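See below for the structure under consideration.
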Amino acid sequence: EGGGQVGDIGFIKYGKDNVSILNTKKENKLIIHLTDELPINISATFVAQVDIDYRYCCSRNHTATHLLHESLRTILGNHISQRGSLVDSKNLRFDFSHFSKLDNDELKKIERSVNLKILANIELQEYNNLPFSKAKKLGAVMLFGEKYEDVVRMIQFGESKDLCGGTHVNATGEIGLFKIMSEGSVSSGVRRIHAITGYSTLEYIDTLQ
């Protein structure tokens, strides 16, 4: 889990004992593994294997969320701030502050802006164990109402700089294609964009033929 991203899935293995992990959550800096059944020998030493394909799909959507946030601020204005997000293997949801419905021209500009960043294949710059004060000086976007520790992790793709704990692609070209599926109101002054990337965009394009 991190930055609105769902937790990893996969399995833990010891000999012939193979237990599926259905979700992972972080509580008090500990990773909790959720499963329908416990291993036969819970004191054994296990090999933990992440479902890489699932994580990679989530990573595409997570990086796209960062690119979307930056494009919204560039096109609509610096008053844009994140009000929530959900990133999974199928799609992404991004809530943001804005005073009116986005028209078709604005949505096309935003979608094109994100896709141009994808085509540019911008490489990931990851800053681990970064003092919060330095991240602020570097221009990292801070989430409204969020409490940050003294040492943070900053993710950068070109001009996009965010404090984030989730997984990301190594370069934006890995996202493939970004497609906005809907835009609407969540509450007064808060809008929501649903979008897809990667395999989900290929499946969507197939439905158009």
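Scanning the range 125-172 for residues that are assigned to a loop (DSSP other than H, G, I, E, B), free of Cβ contacts under 8 Å to residues at least 24 places away in the same chain and exposed (fewer than 13 other Cβ atoms within 10 Å of the Cβ) yields a total of 7. In the set (1) on the phi > 0 side of the Ramachandran plot; (2) not in a loop (DSSP other than H, G, I, E, B), the condition left unmet by Asn121 is number (2). Looking across the range 85-109, just one residue is in contact with an Asp or Glu (Cβ under 9 Å, 6 or more places away or on another chain) and within 18 Å of Ser160 (Cβ to Cβ), and that is Ser85.
Of all residue pairs spaced 6 or more apart or on separate chains, those with beta-carbon atoms under 9 Å, a first member in the range 111-124 that is touching a residue at least 24 places away in the same chain (Cβ under 8 Å) and a second member that is among the β-branched types (Val, Ile, Thr) and in a loop (DSSP other than H, G, I, E, B) are Ile118/Thr197; Leu124/Val169. Answer yes or no: is there a residue in the range 24-31 that is touching a helix residue (DSSP H, G or I) at 6+ places or on another chain (Cβ under 7 Å), not acidic (Asp, Glu) and not in a strand (DSSP E or B). No, the range 24-31 has no match at all.
Note on the range 38-113: enclosed strands (runs of 3 or more DSSP E) holding 2 or more residues that are surrounded by 19 or more Cβ atoms within 10 Å (Cβ to Cβ) are 82-87, 92-97.
All of the numbers you see were taken from the coordinates with simple rules; none came from a lab. In this text the structure is predicted, and so the values were computed from the model without any measurement. Neighbour counts are summed over all protein chains in view; Cβ atoms, including those assigned to glycine, are modelled from backbone coordinates with ideal geometry.
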